[in-house]
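Some notes on the structure that comes next.
None of the figures in this text is laboratory data; all of them are computed from the coordinates on show. The structure displayed is predicted, hence computed values, not measured ones. Glycine also receives a Cβ, built like all others from the backbone with ideal geometry; neighbour counts cover every protein chain displayed.
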Amino acid sequence: MSKRTRDTIVAILAIGAAAVALHLGFGRKAQAIKLDTYEVLGAVTDEETASLLGDQGRILLMVRDTGPDKNPSVEAQVKAFLQTLKPHTKMYVVVDRVQVTPMLMMSTGGGVPVDQLFTAIETHAKPEAVVLFFGLPPLTEPELEVLKRTGVKLVVVSSFRPGYQRLLERRVIQLAIVPRPEAPTLGKVQTLRERFDQEYLVIKSPGTMDSP
């Protein structure tokens with residue numbers, strides 16, 4: 001074998017090894033994002049909302065529009081919510097993807113802008129429930145009264161924020177689905193609900209019926 005031929009083979013093998021390394025590297029990055037917890041969150045949020053509405057009614061699901069580069073955790077929640085909804089034949093959902101600039105997110109503390117919340121409720125034929133994969137920003141007393149007059153049942157999926165307890169007591173929020181304050185105990189589980197209970201809590205307003 002000539003030196004030139006040997007050098008060519010070595011170069012080809014080196015390129016092949018680099019390609020394999022890149023493939024494995026990207027594969028490891030993709031696997032590093034575990035969507036199980038977000039899928040569980042989306043599925044149980046749907047179950048709780050269905051129970052709240054007695055298995056019938058219109059739902060407005062509001063979620064941040066993350067642009068062309070979709071946020072995997074957000075998409076996993078939405079997909080699981082919609083898939084879990086399918087057997088509920090008397091329930092209908094509209095997904096409203098809210099475009100929010102980083103500056104606006106800072107001003108609302110990561111919550112849905114209040115004006116966009118009210119606009120969406122009016123635009124989508126006054127749904128029976130609004131599910132927010134968003135936080136709820138602080139509301140003024142007039143804004144609280146407007147929200148209560150809409151008659152919608154509000155389900156908020158976010159961290160437990162200052163003011164939520166008061167809004168739950170006043171029945172402005174019917175359900176707050178929030179992370180557990182303590183570290184989750186990831187033991188053996190057998191059901192979707194057990195998996196959910198490891199990491200999340202469902203906090204209900206007074207008078208809201210428990211799920212069966």
Once both label points are put 7 Å beyond Cα along the C-beta direction, the M103-E141 separation in nm becomes 3.2
Is segment 34-204 rounded, prolate or oblate when judged by the Cα gyration tensor, a ≥ b ≥ c being the square roots of its eigenvalues, rounded requiring a/c under 1.5 and prolate requiring a/b larger than b/c? rounded
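Please give the length that would be gained between Q83 and R193 if that part of the chain were fully extended, namely 0.36 nm times their separation in residues minus their C-alpha to C-alpha distance (nm, one decimal).
Computed gain between Q83 and R193 is 38.0 nm.
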Under 14 Å between alpha carbons, and skipping anything fewer than 8 positions from K188 in its own chain: which aspartates and glutamates qualify? D197, E199
Which entries in the list K79/K153; K79/K148; K126/K148; K126/K204; K90/K126 go over 24 Å, if you measure between the two C-alpha atoms of each? K79/K148
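Among DSSP bridges having both ends in segment 34-204, what percentage is antiparallel? Round to the nearest 5.
Approximately 20 percent, going by the DSSP bridge assignments.
What is the fewest-to-most order of F118, F160 by other Cβ atoms lying within 10 Å of their Cβ?
Ordered from fewest to most neighbouring Cβ atoms within 10 Å, F118, F160 come out as F118, F160.
Sort V74, V95, V130, V156 so the one with the fewest other Cβ atoms within 10 Å of its own Cβ comes first.
V95, V74, V130, V156
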